[in-house]
1. Looking at region 133-146, can you tell me whether even one residue there is of a type in the set (F, W, Y) and open to solvent by less than 90 Å² (accessible area, probe 1.4 Å)?
2. Which pairs turn up if I take residues in region 123-149 that are in a loop (DSSP other than H, G, I, E, B) and look for partners that are modelled with pLDDT under 85 and surrounded by 11 or more Cβ atoms within 10 Å (Cβ to Cβ) with beta carbon separation below 7 Å, at least 6 apart in sequence or on another chain?
3. Looking at the structure I just gave you, is M250 hydrophobic (A, V, I, L, M, F, W, C), assigned to a helix (DSSP H, G or I) and over 24 Å from P147 (Cβ atoms)?
4. Evaluate the following for Y59: is it over 27 Å from L260 (Cα atoms), aromatic (F, W, Y) and under 33 Å from the mean Cα position of the chain (by Cα)?
5. Can you tell me which residue within region 100-133, out of those that are within 24 Å of the chain's Cα centre (by Cα) and among the polar types (S, T, N, Q), is modelled with the lowest pLDDT?
6. Quick check: anything in region 188-200 at negative phi, out of contact with any Phe, Trp or Tyr (no Cβ under 9 Å at 6 or more places or on another chain), in contact (Cβ under 8 Å) with a residue 12 or more places away in the chain and surrounded by fewer than 15 Cβ atoms within 10 Å (Cβ to Cβ)?
7. Filter region 151-196 for residues that are over 13 Å from M214 (Cβ atoms) and among the β-branched types (V, I, T) and give the result.
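The values are calculated or read from the model by the stated rules, or taken from the named source; none is laboratory data. Treat the numbers as computed from the prediction; the structure is a model and nothing was measured. For neighbour counting, all protein chains shown are included, and Cβ atoms are generated from backbone atoms with ideal geometry for every residue, glycine included. SASA here: full protein model, heavy atoms, side chains in, ligands and nucleic acids out. Shrake-Rupley method; radii C 1.70, N 1.55, O 1.52, S 1.80 Å.
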Amino acid sequence: MKHIILSSLLLVSSAMAAQTQVSTYTPGVTPEGATFFLPKTVIRISVLTEKTTYTPGDYAAYAQRYMRLNNVSTDASVTHRILAVTQMAIGVADTTKAYSVKFNQKTSATNVSLSADGVLLAVNAKAVEPTLPARFRAAPKTPQPDPHRFLGEDILAAGSLGKMAQLTAEEIYDLRENRSLLVKGQADFMPHDGQQMKLMLDQLEMQDRALTSMFSGTTVRDTAEYVFTLCPVMNFQTQTLFRFSRHFGMVDADDLSGELYTITVTDMNSVPKMTPINKKKAENGLYYNVPGRMRSVISHGPDMVSQEEFPAAQFGNVELLSGELFNKHFGTRLWLNPVTGAIDKLEAEQPK
């Protein structure tokens with residue numbers, strides 16, 4: 001086995017072209033080696049909202065009289081509400097932590113796996129490219145039938161809206177009676193099989209809902225997702241995350257029609273500060289992160305909406321993995337965490 005040397009970007013190397021295989025091409029990859037980044041930790045915040053649109057029916061004013069429906073509004077309205085606020089940590093390249101893996105002429109072939117934005121994921125091992133969660137996609141809506149197409153000639157010929165409402169209510173009660181007779185097996189015409197029965201019941205139910213909506217009105221709900229990303233740094237102060245209005249939904253951060261939602265990120269000081277790395281020792285080493293921890297709290301006034309704790313690369317230290325693990329005496333495989341740059345797994349086998 002040939003000897004492998006890993007050196008930092010800061011060192012001047014006389015390395016010649018080597019047998020280096022880089023699994024993902026990114027700017028900065030050369031035949032002499034691969035430039036990589038360590039990640040920093042970003043908070044991805046997902047806000048799921050619901051918009052409710054109410055449209056009164058033509059007979060809303062007669063809903064209580066003919067259909068015994070209480071509290072039916074005659075005014076159209078649009079309201080918004082927040083369904084859920086969730087947080088997760090993701091990793092992005094920290095361009096202030098750029099290093100190199102370089103090999104001289106005597107090195108054996110080495111596989112270096114990088115993410116699409118150049119973050120080191122693995123050495124001598126196959127890494128899985130990190131993926132973001134899929135964006136929310138609302139379920140397709142079922143088209144609602146136009147109730148006016150179920151109005152009979154006698155209803156349309158009525159001389160007033162009140163009379164039309166009365167006749168429509170009678171039609172609804174007839175539909176419900178027919179459905180009840182079908183279920184009981186007492187209808188004048190009974191279906192021949194279960195499938196025909198289902199079709200008849202579905203048709204009666206659809207007409208009932210459509211005509212009843214002329215009294216109760218229609219309510220349509222639309223769900224949307226808003227995604228915010230935030231990269232906390234040292235001495236992070238409480239910041240405005242977004243503003244949300246019951247009447248207008250998500251609004252601009254300076255729009256006072258919306259209520260304020262803030263985010264506070266605290267360094268938990270879980271990792272002691274280390275002394276700077278000796279550059280001479282860096283000649284045969286590989287840089288990695290020892291992440292700290294942070295607490296992220298999203299608030300709405302005095303109320304806490306969401307609280308999470310995450311490992312955070314930028315609140316920790318950069319350490320050096322000894323290059324001796326990559327010499328000819330070991331078959332070393334290394335996996336780094338794509339979110340924090342910490343060592344996820346290290347396998348070092350001595351050849352027999």
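1. yes
2. Close Cβ pairs satisfying both conditions: N124/T110; N124/N111; N124/T332.
3. no
4. No; evaluated as a whole, the condition is false for this residue.
5. T131
6. no
7. If the condition is that a residue be over 13 Å from M214 (Cβ atoms) and among the β-branched types (V, I, T), then V183 is the only one that fits.
Quick grid of which residues meet (1) in contact with an Asp or Glu (Cβ under 6 Å, 6 or more places away or on another chain); (2) modelled with pLDDT of 90 or more; (3) open to solvent by 40 Å² or more (accessible area, probe 1.4 Å):
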position: G185; (1), (2), (3): no, no, yes
position: R209; (1), (2), (3): no, yes, yes
position: M214; (1), (2), (3): yes, yes, no
position: T218; (1), (2), (3): no, yes, yes
position: T223; (1), (2), (3): yes, yes, yes
position: N235; (1), (2), (3): no, no, yes
position: Q239; (1), (2), (3): no, yes, yes
